[in-house]
Amino acid sequence: MPIIRRLARALGLILVLFYALPAAAQDISGALAKLAADSYADTAAAVVDLAGSGHPRAAVIVAALQDGRLEFDRASKAVVLRTASGVVDAATGAAIAPVPGSLSPVRVNNRVRTALAAAMGALTLMSPDPAKRREAADAVFKSRDQAALPTLEAAIAKEADGRIRAALQAARAAVILTRPDASDDARVDAAGSIRERGDQDAVALLRSLPSDTPKRVRDAAETAAKAVETDLALWSSAQNALYGVSLGSVLLLAAIGLAITFGVMGIINMAHGEMVMLGAYTTFVVQELIRTRMPGLFDWSLAIALPLAFLVSGGVGVLIERTIIRFLYGRPLETLLATWGLSLILQQAVRTVFGANNREVGAPSFMSGSIEFGPLAITWGRLWIVVFALAVFLGLILVLKKTPAGLQMRAVTQNRAMASAMGIRTPFVDALTFGLGCGIAGIAGVALSQIDNVSPNLGQSYIIDSFMVVVFGGVGNLWGTLVGALTLGVVNKFLEPFAGAVLGKILVLVFIILFIQKRPRGLFALKGRAVDA
Amino acid sequence: MIGHFLFRGLDRGVVVALTVILAIGVLVPAANLLLPPGHPLHVPTYLVTLFGKYATYATLALALDLVWGYCGILSLGHGAFFALGGYAMGMYLMRQIGSRGVYGNPLLPDFMVFLNWKELPWYWLGFDRFGFAALMVVLVPGLLAFVFGWFAFRSRVTGVYLSIITQALTYALLLAFFRNDMGFGGNNGLTDFKDIVGFPVQAAGTRAALFFLSCLLVAASLLLAAGIVKSKFGKVLIAIRDAESRTRFIGYRVATYKTVVFTVSGVLAGLAGALYVPQVGIINPSEFAPANSIEAVIWVAVGGRGTLTGAIVGAVAVNWGKTWFTGALPEFWLFALGGLFVVVTLFLPKGIVGTIAEIRAKRTAAAAAAPKPAPAE
């Protein structure tokens, strides 16, 4: 295709000029004059000029020519664009009124169309917008358009962004690999470059070579495809692990309060999920107040909601402990039923106050968006929840191990009578411990409001999972809860690709049921005298 | 010996309950079918169906009371057995629709045609025969209860751990039955039934017969449970409830006892579910919801656990309340139900029947104790 070659040479030349003399190259008056000359050869040359000009209006003019909206005034030789509302000057975009009477369209033939297609590709490949450049490179990678090769090479030479450069090089390699008249060496090299791209499209391309391809090229392509597949498998494992940790941290957040009330105190609190829900609704109320009163504080809304959620849920927890649970110590099954009743009451109360519909809880700016590791994209929200869950966990460990209140809590759960004899007010500590567990559930609610629907049923979806985590990890052991939550999260995500989300969850439940048969006291069972107490 | 058991071995309360249940089972259908609609004692068909539903709930409560009240096993997953029995019956009823479905496929139920299935899955085979379906109603819940109990009780999973894994069991089944590819109609479940053993499901006569059968099932379950509780086997169950380790050390195989009673209870729950479905006209996965199973526990708690008649009283009373509340004050029903959980556990741990029995026992004791000082004078 000699035209293409010529075009490419012209393009290359213009690009060099463009680098050397940007101010001069930006001038498109010459190209416009050629467009107004009403000859196919001049029009094609003008298109090439425009493509290389780097002028901000170049893409608009070329697109208009493609759509047949580019016109010129036979009298003044002015080139104009026809738009929905009238005509505008091609070079400046300024509206022209009144519309000149002697306008006629710039005509195109197949030669001009070919030039136009190449110019459009070049203009997007060299568009000032990086996202567009990347998109264009990917499009060429998929279409393997042989005609785009010269433009690609020009674009590679010019590209400054490393990622887009890689995408351009992959596109160039794709073109060379599928080009029967390229040398074997070049094609083997190309297979190597495509391997760098490392995604499913690359595998598809490497495997799609026709059977008349020389064996050396085919082998190279096959090796590259295998390597890419290994990479992909690794990345997908990494993704599963990452999503698993994310799910695990959600489970950890939901279960960690339960690890205190159930694990440490032995209270079966079926209203635990509702404490999470109260925390989420506290976030909602805080955000509503901020939205209406002081919108500037919105990014701080979660930070403000955290202590409030702790106080609300913790307060309700203390109230429940003082009015109901303290009469039921030593009767775990009755506690279970009473707290289940409480959970129904709390759900209905929230439904009465806030309505049954989902409530909108917004994300502050630092939690929106995502970051990329290789082919993986992780939203900041998820990442913050992982960090937050670990922070809450460590904070709780510190409270229990390093503060006097924590010391008293542990003393009361280990030996109530002795603690009482040492002057610890055991009823007070009971209420405090239960309040702490519920308050942490409230904090979890603030975080979960970011990833889940805030509705009266929010808590119910977590209660069974939370119990599973605590029982699996081992009752009375916070570290067991951490390990249990992360294990269940990761196992769940690794099962999902094979079994689907629902079946994966069922399998995990069945696994836990079987696991409890084997180790009725969980992963990290307490040993010794405290076990049956 | 059976005669001895029937007339001497039973509590007066159980005998009274049996009589009342059977009387209702005969009188209500009679009042529905024989009396004209304008008659003051006429019972409309919707009430017959409603009472029939209560009767199946009462059987479920009895089954639960047998394991919880007498053996200390708090199952939060009895709804699973109930629903499995219901699904087995529902599958039979689906096969009876035949070519009268929306798509008119003689073999496949509508939802399978809708999902573009070409043939019947193997586990649907045989359900066109009532005998086979009836067998499955007993076998499927019974087998699940047996296998689950076998594993759980042998590894000595007790107390709240057992409660939590029974809840996990029914939750797992809930998720499973929601899946369309399971072949049980997904979240719509099975519905649009036409015939049961040749009689139209909607007809008043069929409803009356189903009601009578439900009452018969309650009575039979009560008799069976009373027999179990009175027997030596039942005494061991109570011993396990009160002191499991001690019973084991004496030499009883605790796990075997528990597994047997759990299986019997699962079968009863399954039978109740099988009678529930044709009366309600639908079975869907929400019957597996953990909340349903816990609600059944509160029926037993309200009536009085460890008293067989209490389970029946509790199931009927709570569901009557539910029907009334959801009609008159729908938004307050959950407050009432939640409050019931709290109040019963705090103030009425023995339930209605248990508390009445206690008061009566105290009065008798007081009456026996009071005259004593008199002769001393």
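The values are calculated or read from the model by the stated rules, or taken from the named source; none is laboratory data. As the structure is a computational prediction, the values presented were derived from the model and not from experiment. Cβ coordinates were reconstructed from backbone atoms using ideal geometry, including for glycine residues, and neighbour counts include every protein chain displayed. To get the accessible areas, we keep the full protein, side chains included, count just its heavy atoms, and leave off ligands, DNA and RNA. Shrake-Rupley method; radii C 1.70, N 1.55, O 1.52, S 1.80 Å.
Miscellaneous remarks
- The angle between the Cα long axis of helix A:501-518 and the main principal axis of chain A comes to about 30°, on a 0 to 90 degree scale.
- Counting protein heavy atoms only, chain A has 62 percent of its accessible area on carbon and sulfur, 1.4 angstrom probe.
- Relative contact order (percent, whole number), chain B, Cα cutoff 8 Å, 6+ residue spacing: 30 percent
- Computed from the alpha carbon atoms alone, the convex hull of region B:214-362 holds 149 Å³ per residue.
- For residue A:47, neighbours were defined as the other residues whose beta-carbon sits under 11 Å from its Cβ, and their charges (Lys and Arg +1, Asp and Glu -1) total +1.
- Rg to Rh, two decimals, where the protein assembly as shown supplies the alpha carbon set and Rh follows Kirkwood: 1.13
- Peptide A:330-337 - average C-beta neighbours from other chains (10 Å radius): 6
- Per residue of B:170-178, other chain Cβ atoms within 10 Å of the residue Cβ number 4 on average.
- Separation between Cα centres of region A:209-255 and region B:289-313, rounded to whole Å: 53 Å
- Inter-centroid distance (Cα atoms) of region A:380-436 relative to region A:451-505, Å: 23 Å
- Residues in region A:238-243 carry Karplus couplings, in order, of 4, 5, 4, 4, 5, 5 Hz; the curve used is 6.51 cos²θ - 1.76 cosθ + 1.60 with θ = phi - 60°, and Gly or Pro positions show x.
- Value at 222 nm in deg cm²/dmol, rounded to 500, when DSSP H runs of n ≥ 4 in chain B each add -39,500 (n - 2.57): -23500 deg cm²/dmol
- Between 0 and 90°, nearest 10: helix A:460-473 axis offset from chain A longest Cα axis: 70 degrees
- Close Lys pairs in chain A (alpha-carbon distance under 30 Å; sequence gap of 8 or more, or different chains): 16.
- Neighbours of residue B:341 by Cβ distance under 14 Å: Lys/Arg scored +1, Asp/Glu scored -1, total 0.
- The calculated 222 nm mean residue ellipticity attributable to helices in chain A amounts to -22500 deg cm²/dmol, summing -39500 (n - 2.57) over DSSP H runs of n ≥ 4 and dividing by all residues.
- Sorting the segments B:305-314, B:73-82 by their mean number of nearby beta carbons within 10 angstrom, highest to lowest, gives B:73-82, B:305-314.
- Spin-label pair residue A:142/residue B:39, simplified geometry with 7 Å Cα→Cβ offset, distance in nm: 7.6 nm
- Relative contact order %, region A:320-436, counting alpha carbon pairs below 8 Å whose residues are six or more apart: 17 percent
- Computed from Cα positions, the angle between helix B:254-280 and the longest principal axis of chain B comes to roughly 50 degrees.
- Ranked by how many other beta carbons lie within 10 Å on average, peptides A:92-101, A:220-229 from highest: A:220-229, A:92-101
- One chain, two ends: residue A:160 and residue A:394. Fully extended at 0.36 nm per residue, the span grows by 79.8 nm beyond their Cα-Cα distance.
- Residues of the protein assembly as shown: accessible area per residue with a 1.4 Å probe, Å²: 46 Å²
- Part-to-part distance (alpha-carbon centres) for region B:120-139 and region B:76-102, which is given in Å: 10 Å
- Relative contact order %, region A:222-318, counting alpha carbon pairs below 8 Å whose residues are six or more apart: 21 percent
- Taking a sphere under 12 Å around the Cβ of residue A:34 and counting the other residues whose Cβ falls inside, with K and R at +1 and D and E at -1, yields a net charge of -2.
- The lysine pair count for chain B, using Cα distances under 24 Å and pairs eight or more places apart or on different chains, is 15.
- Peptide packing: for B:211-217, A:491-497, the average count of neighbouring Cβ atoms within 10 Å per residue gives the ranking B:211-217, A:491-497, highest mean first.
- Take each residue of peptide A:342-350, count the partner chain Cβ atoms within 10 Å of its Cβ, and average: the result is 5.
- Tail beyond 38 Å, pair distance distribution of chain B (Cα, percent): 22 percent
- FRET efficiency, residue A:300 to residue A:222 (Cβ-Cβ, R0 41 Å, nearest 0.05): 0.15
- Largest to smallest in accessible area, the residues A:60, B:113, B:48 fall in the order A:60, B:113, B:48 (1.4 Å probe, all protein chains included).
- Calculated FRET efficiency for the pair residue B:363/residue B:233, C-beta based, R₀ 35 Å, to 0.05: 0.65
- Computed 3J(HN,Hα) for region B:155-170, one whole-Hz value per residue from the Karplus formula 6.51 cos²θ - 1.76 cosθ + 1.60 where θ = phi - 60°, is 8, 6, 7, 10, x, 5, 4, 5, 4, 5, 6, 5, 5, 4, 4, 5, glycine and proline marked x.
- Whole-angstrom Cα spans of region A:384-432 along principal axes, big to small: 44, 18, 14
- For region A:403-533, the equivalent ellipsoid derived from the Cα gyration tensor has semi-axes of 32, 21, 10 Å, listed largest first.
- Pairwise FRET efficiency - residue B:46 versus residue B:132, Cβ, R0 = 35 Å, nearest 0.05: 0.65
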